[in-house]
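FYI, it's all coordinate maths here, none of it is from the lab. The model shown is predicted, which means the values in this text are computed figures rather than measured ones. Note: ideal-geometry Cβ built from the backbone for every residue, glycine included; neighbour counts use all protein chains shown.
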There are 2 protein chains.
Amino acid sequence: MDETLLMIPGPTRVTPRVLKAMSENIVNHRSAIFGKFLTETSEMISDIFRTTNKSYILTGSGTAAMEAAIVNILEPGDKILNVVGGKFGERFSNIVEAFGGESKRIEVEWGKAANPNDIKEALEEDENIKAVTVVHNETSTGVANPIKEIGKILDDYDALYIVDTVSSLGGAEVDVDGYNIDICVTGSQKCLAAPPGLAAITLSDDAWNVVDNTNSRCYYLDLKKYRKTSSMEPPETPYTPAVSLVYALHEALKVVKEEGLENRIKRHELAAEATRNAIKALGLELFPDEEVSSTTVTAVKLPEGVTDAELRGTMRNKYHVELAGGQDHLKGKIFRIGHMGNITHRELITTFSALEMTLRELGFDVEMGVGVAAIADTYLPQKL
Amino acid sequence: MDETLLMIPGPTRVTPRVLKAMSENIVNHRSAIFGKFLTETSEMISDIFRTTNKSYILTGSGTAAMEAAIVNILEPGDKILNVVGGKFGERFSNIVEAFGGESKRIEVEWGKAANPNDIKEALEEDENIKAVTVVHNETSTGVANPIKEIGKILDDYDALYIVDTVSSLGGAEVDVDGYNIDICVTGSQKCLAAPPGLAAITLSDDAWNVVDNTNSRCYYLDLKKYRKTSSMEPPETPYTPAVSLVYALHEALKVVKEEGLENRIKRHELAAEATRNAIKALGLELFPDEEVSSTTVTAVKLPEGVTDAELRGTMRNKYHVELAGGQDHLKGKIFRIGHMGNITHRELITTFSALEMTLRELGFDVEMGVGVAAIADTYLPQKL
């Protein structure tokens with residue numbers, strides 16, 4: 001197929017072990033053997049979410065889970081507070097509006113993190129806000145939002161707390177129960193390093209209470225059906241799930257368990273730190289404020305005189321390293337390095353060596369080796 | 001994993017060739033190489049649909065595609081005529097109601113086929129019907145509905161013609177353009193013999209015209225976004241697709257092409273005929289009227305004195321052949337034999353030998369070998 005090194009913020013590289021699990025025989029999706037797989041997979045996801053609540057596997061992208069988080073609690077006219085500081089924050093707002101809700105937006109400058117006090121103020125101003133959405137890791141800007149601090153504030157209000165951890169779960173601190181999160185969603189193809197196509201969602205009792213009292217408009221993503229079928233004997237999904245992808249996710253989650261969630265998060269933090277250090281060593285500029293920069297994706301300003309097409313094109317075609325570009329109004333202004341999933345110093349050294357060569361070739365003044373050295377310098381004092 | 005022979009109406013057995021394709025490296029879903037895969041897959045689906053219209057691949061089950069067919073053309077209060085003669089006909093009706101539409105139902109006794117004249121009458125009675133839904137192959141009852149004849153009638157009316165070919169496409173005659181079908185949906189895991197998790201949908205110009213003039217409530221399944229991104233360079237999907245499953249479906253569709261669609265349909269027809277002959281030889285009774293019995297799944301009445309749990313449990317646990325039970329009010333009254341996808345006389349002979357032994361064991365008077373002989377007798381005069 002293609003040996004390009006994926007350094008994009010998802011889908012991430014999937015190991016042969018997980019790919020192999022995916023190619024097992026298809027079984028009946030309503031059999032005991034599959035029910036066991038499904039339950040184990042959901043339970044492992046709940047462990048990573050750090051919640052005692054049940055999680056549900058959806059066949060669809062992370063966006064399907066974001067939609068599920070909204071449509072199950074929404075009636076036309078309901079007010080949802082959307083914190084918007086990037087493409088995915090915007091997506092929550094768009095979903096609310098697509099289904100007839102009223103999106104009240106807190107606009108955050110792209111590259112900055114949300115300010116928990118702004119959320120407090122908005123909730124004080126309007127007591128009819130039914131839920132607040134926050135994107136933990138804004139993949140489009142490389143910003144990590146303070147979901148723990150926002151959770152502390154939301155504890156004093158009735159509004160549900162909905163968090164998108166699609167590109168953070170497994171690569172950054174997430175504590176659903178500890179942060180008072182009511183609905184949390186994630187995807188298979190980011191830090192969990194499974195193939196794309198599955199998403200997961202978990203709901204608190206408060207969230208279920210709202211779901212049960214909402215005249216919602218949904219069918220494929222009707223979570224009440226997932227709750228019901230997950231308790232059947234054998235447990236199943238309401239509609240045929242992507243059986244092979246469940247095998248793969250199951251195996252990928254076993255890998256997370258074997259590595260240990262804390263170790264995995266530390267590995268992501270270290271990769272992010274090394275990436276930032278290498279970027280600075282090369283004389284490039286981070287796009288987000290460094291103190292809120294994500295542990296799973298680093299956004300970098302394109303240096304003057306270098307176009308996105310040249311930089312990413314050379315990286316891809318000559319050095320077989322795939323980076324991501326900017327999205328929406330950041331197109332052509334930033335590029336993004338994903339360091340999520342199975343990323344170690346090896347992939348970063350490859351990436352930065354290629355980046356140095358690419359920059360030199362494109363006429364940007366760079367001293368060869370300084371990026372690679374910064375990676376090594378960051379990893380060296382650590383116990384690998 | 002599990003070597004049980006899947007004789008259920010989907011998911012069906014997937015060949016090692018297709019499983020192998022699925023385990024290729026994950027690539028960037030917005031890359032040229034994936035765009036090529038996506039376009040080729042969509043084009044092969046359009047060929048099998050027999051339409052010159054574009055098809056779109058959705059990450060989700062067949063139900064997601066059924067929902068997409070409805071929500072993109074529906075505003076609250078819109079009237080949709082749903083032909084309901086089984087669980088999947090019912091599903092279309094439920095989706096219409098879930099999204100605030102008015103479902104006008106033509107009830108067809110389960111086990112019978114829809115009568116095209118009933119649809120004509122309903123359309124004559126009410127000129128505000130926006131669309132008519134028909135399930136081609138009603139998986140729950142084993143009935144094939146006359147979608148060609150219904151299409152002839154619908155040609156005289158403005159209502160859109162929506163057809164579910166989830167469990168028929170690739171195993172029964174479907175001619176989207178020839179039958180005047182406006183929206184046709186299918187799934188990956190039935191006669192196309194790819195793993196579950198993908199669905200496909202195609203729309204006529206008339207359907208697109210309605211979509212473009214409908215203030216629809218949808219997001220993940222908003223087909224306008226799929227149309228837009230499919231024309232980008234490189235072509236892509238609006239949200240991260242199940243990349244590995246697209247590889248698998250691409251390979252499975254190549255297999256369909258190599259076999260030849262006509263040959264594949266004939267193979268399904270022959271398997272269905274052999275199955276019916278064997279059922280009758282064993283002294284069992286078909287559930288649907290024989291002349292409308294499906295080419296991809298055969299529904300059989302449970303013989304008196306034999307329970308579903310005993311019959312399917314013995315088949316599964318002792319002989320490793322998985323059959324399907326009845327759904328909804330047919331639970332415990334029928335069992336179903338799926339013969340879709342890669343099914344040949346070999347699998348049928350195994351199945352019927354196991355069924356003979358199971359029936360004998362459960363005290364049903366059966367002459368050993370007569371079912372297997374009926375299979376052979378059906379295949380023997382054919383050029384295999």
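In table form, for the structure just shown:
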quantity: Label geometry 7 Å along the beta-carbon vector: B:Ala373 inter-copy distances in nm; calculated: 8.8
quantity: Mean Kyte hydropathy of -1.0 or more with a Cα span along the axis of at least 15 Å, helices from DSSP in chain B; calculated: B:32-49, B:87-98, B:243-259, B:261-281, B:345-361
quantity: Where the Cα pairs of region A:260-379 fall when distances are cut into 5 Å bins, in %; calculated: 2, 12, 23, 27, 21, 10, 4, 1, 0
quantity: Equivalent ellipsoid semi-axes - Cα gyration tensor, region A:175-303, angstrom; calculated: 36, 19, 14
quantity: Under 25 Å from the Cα of B:Lys266 - lysines, other chains or at least 8 residues apart; calculated: B:Lys112, B:Lys148, B:Lys152, B:Lys190, B:Lys254, B:Lys257, B:Lys280, B:Lys383
quantity: Reciprocal mean inverse distance between Cα atoms of region A:58-171 - Kirkwood radius, Å; calculated: 13.9
quantity: Relative compactness, region B:278-324, computed as alpha-carbon Rg over 2.2 N^0.38 Å; calculated: 1.23
quantity: Table column - 3J(HN,Hα) (Hz), region B:321-337, Karplus curve with 6.51, -1.76, 1.60, x for Gly and Pro; calculated: 10, 9, 9, 9, x, x, 10, 6, 6, 8, 4, x, 10, 10, 10, 10, 10
quantity: Under 17 Å from the Cα of B:Lys87 - aspartates and glutamates, other chains or at least 8 residues apart; calculated: B:Glu67, B:Glu97, B:Glu107, B:Glu109, B:Glu138, B:Asp164, B:Asp328
quantity: Amide H contacts of A:Arg105 (H built 1.01 Å from N, under 5 Å, at least 5 apart or other chain); calculated: A:Asn82
quantity: Inter-chain Cβ neighbour average for residues A:60-68, partner chain, 10 Å; calculated: 5
quantity: For region B:122-202, diffusion coefficient by Stokes-Einstein and Kirkwood Rh (Cα), 37 °C, 0.692 mPa s, µm²/s; calculated: 249
quantity: Convex hull projection area averaged over all views, the protein assembly as shown, Cα basis, nm²; calculated: 31.8
quantity: Mean Cα-pair separation over length for region A:24-258, i.e. relative contact order, pairs under 8 Å, 6 or more apart, %; calculated: 28
quantity: Value of relative contact order over region A:315-384, rounded to a whole percent, pairs C-alpha under 8 Å and six or more apart; calculated: 23
quantity: Table column - 3J(HN,Hα) (Hz), region A:17-28, Karplus curve with 6.51, -1.76, 1.60, x for Gly and Pro; calculated: 4, 6, 4, 5, 4, 5, 8, 5, 3, 5, 10, 4
quantity: Local electrostatic count, B:Lys104, Cβ distance below 10 Å [Lys/Arg +1, Asp/Glu -1]; calculated: -1
quantity: For A:360-372, mean number of other protein chain Cβ atoms within 10 Å; calculated: 0
quantity: Dipole magnitude of region A:84-176 about its Cα centre (Cβ charges: Lys, Arg +1; Asp, Glu -1), debye to nearest 20; calculated: 400
quantity: Förster radius 60 Å - calculated FRET efficiency between B:Asp365 and A:Glu262 (Cβ-Cβ, nearest 0.05); calculated: 0.40
quantity: B:Asn53 long-range amide H proximity, modeled H, under 5 Å; calculated: none
quantity: Residue-count net charge about A:Ala324 - beta-carbon cut-off 9 Å; Lys, Arg +1, Asp, Glu -1; calculated: +2
quantity: Net +/- balance of residues flanking A:Gly363 in space, Cβ distance below 14 Å, scoring K and R +1, D and E -1; calculated: -4
quantity: Diffusion coefficient, µm² s⁻¹, Stokes-Einstein with Kirkwood Rh over alpha-carbon pairs of region A:1-142 at 10 °C and 1.306 mPa s; calculated: 88
quantity: D (Stokes-Einstein, µm²/s), Kirkwood Cα radius, region A:320-384, 0.692 mPa s at 37 °C; calculated: 248
quantity: Amide proton proximity set for B:Val297, modelled H, under 5 Å, gap of 5+; calculated: B:His339
quantity: Listed peptides A:38-51, A:166-179 by packing density, highest first (mean Cβ within 10 Å); calculated: A:166-179, A:38-51
quantity: Span per principal axis, largest first, for the Cα atoms of chain A (Å); calculated: 62, 54, 36
quantity: Qualifying trypsin sites (Lys or Arg not before Pro) in region A:314-376, DSSP loop, other Cβ atoms within 10 Å at most 14; calculated: A:Lys318, A:Lys331, A:Lys333
quantity: For region A:51-90: Kirkwood Rh in Å [reciprocal of mean 1/r, alpha carbons]; calculated: 12.2
quantity: Charge dipole magnitude, Cβ of K and R +1, D and E -1 - the protein assembly as shown, Cα centre, debye nearest 20; calculated: 2180
quantity: Theoretical ellipticity at 222 nm over the protein assembly as shown - DSSP helices of four or more residues, -39500 (n - 2.57) apiece, nearest 500; calculated: -12500 deg cm²/dmol
